[in-house]
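Written below as structure tokens is the structure these notes are about.
The values are calculated or read from the model by the stated rules, or taken from the named source; none is laboratory data. In this text, all values refer to a predicted model and were calculated from it rather than measured experimentally. Note that each Cβ is placed from the backbone with ideal geometry, even for glycine, and that neighbours are counted across all protein chains shown.
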Amino acid sequence: MTACAHCAAIMRIEERVRNSSIGNPGFTLCCQSSQVSLPLLLPSPPYLESLFSSQHFLDKIRIYNSMFSFTSMGGRIDNSVNDGRSAYVFRISGSDHHKIRTLLPPFGFIPKFAQ
């Protein structure tokens, strides 16, 4: 791993531009050689900051992520971009949507996930 000389993004050496050397790599994936500049992020709200200092939250973060992730999404998947020459690309044509079921469990069943 190495850092971009322009924006300090951490990059893999294999991501360098073709005509740069391993000893002096150049990168364009991050900032286009300093042509793109993003504003600094605003500070997180205090409540969110407090979660990252909570050991309980950190121990359960994968569970929370799974509960609230967009796992039941729908949309028209466009596979025309996948020709086998590179990593799989997931592209949705049109709009995406979330397929959710009832927020209450059926009678006699215990709540699951975010119910």
Only one of (1) touching a helix residue (DSSP H, G or I) at 6+ places or on another chain (Cβ under 8 Å); (2) part of a loop (DSSP other than H, G, I, E, B); (3) at pLDDT below 90 fails for residue 27. Which number is that? (3)
Among the residues of the range 44-56, is there at least one that is of a type outside the set (Phe, Trp, Tyr), assigned to a loop (DSSP other than H, G, I, E, B), more than 20 Å from the chain's Cα centre (by Cα) and farther than 29 Å from residue 103 by Cβ? yes
Which one is nearest to residue 73 (Cα to Cα), of the residues in the range 87-113 that are modelled with pLDDT under 75 and part of a loop (DSSP other than H, G, I, E, B)? 99
So for the range 61-75 (the condition being at pLDDT 90 or above and part of a loop (DSSP other than H, G, I, E, B)), does at least one residue qualify? no
Only residues that are under 22 Å from the mean Cα position of the chain (by Cα) and either within 30 Å of residue 65 (Cβ to Cβ) or in contact (Cβ under 8 Å) with a residue 12 or more places away in the chain (or both): list them for the range 17-36, please. 27, 29, 30, 31, 36
